[in-house]
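The values are calculated or read from the model by the stated rules, or taken from the named source; none is laboratory data. In this text the structure is predicted, and so the values were computed from the model without any measurement. Cβ sites come from the backbone with ideal geometry, for glycine too, and all protein chains shown count toward neighbours.
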Amino acid sequence: MDASAVTKVSVALAVIGLSALWITGLFIKPEDVAISDIVKTGSEDVVIRGYVTGLRDYGNFIVAEVSEVKSVDVVIFDKRMVKSIGSNVSIEGQLRDYHGKKELVAESVRVVN
């Protein structure tokens, strides 16, 4: 095989591989988790739903307390995503341990009616 053929095969395989990853990504969704079950979940990427019951501004990020029966702190780095206290929200993000407590680092915040 000459270099031109190897290049063509490499590019074709790269396009096929990237397309397969993109299509697979369309079907992978974070797990919906109740706030009361957050300690038990093994997932890192989750979606929670609840009411914003508190907001603490730390300058370059905000921590929102989101509650249903129990509550969890949600770290929000984009202040434009922050909703007012009392808003019913759906938050997608990554679950992390912080000083022995679970918290969610928000990737998206959506107001739910």
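Check Asn113 against each of (1) under 11 Å from the mean Cα position of the chain (by Cα); (2) farther than 15 Å from Asp37 by Cα and name the one condition it does not meet.
Unmet condition: (1).
May I ask you to list pairs of residues, at least six apart or on different chains, whose Cβ atoms are under 6 Å apart, with the first in the range 19-46 being on the phi < 0 side of the Ramachandran plot and the second being assigned to a loop (DSSP other than H, G, I, E, B) and not polar (S, T, N, Q)?
Ile35/Glu68; Ile35/Lys70; Ser36/Val69; Ser36/Lys70; Thr41/Val33; Asp45/Pro30; Val46/Pro30; Val46/Val33
Give the residues of the range 53-66 that are closer than 20 Å to Asn113 by Cα and within 17 Å of the chain's Cα centre (by Cα), sorted by residue number.
Once the filter is applied, which keeps residues that are closer than 20 Å to Asn113 by Cα and within 17 Å of the chain's Cα centre (by Cα), the range 53-66 yields Ala64, Glu65, Val66.
For the range 1-52, give me the residue count where each residue is over 14 Å from the mean Cα position of the chain (by Cα), exposed (fewer than 10 other Cβ atoms within 10 Å of the Cβ), of a type in the set (A, V, I, L, M, F, W, C) and modelled with pLDDT under 85.
3
Which residues, counting only those in the range 19-46, are farther than 15 Å from Gly93 by Cα and assigned to a helix (DSSP H, G or I)?
Once the filter is applied, which keeps residues that are farther than 15 Å from Gly93 by Cα and assigned to a helix (DSSP H, G or I), the range 19-46 yields Ser19, Ala20, Leu21, Trp22, Ile23, Thr24, Gly25, Leu26, Phe27, Ser36, Asp37.
Looking only at strands (runs of 3 or more DSSP E) that lie completely in the range 70-113, which have at least 1 residues being without any contact (Cβ under 8 Å) to a residue 40 or more places away in the chain and over 16 Å from Arg56 (Cβ atoms)? First the steps, then the outcome.
Numbers: elements: 71-76, 88-98, 101-111.
Fully inside the range 70-113 and qualifying: 88-98, 101-111.
Being modelled with pLDDT of 90 or more and crowded, with 16+ Cβ neighbours inside 10 Å is the filter here, so list the residues in the range 74-94 that pass it.
Val74, Val75, Ile76, Val89, Ile91, Glu92, Gly93
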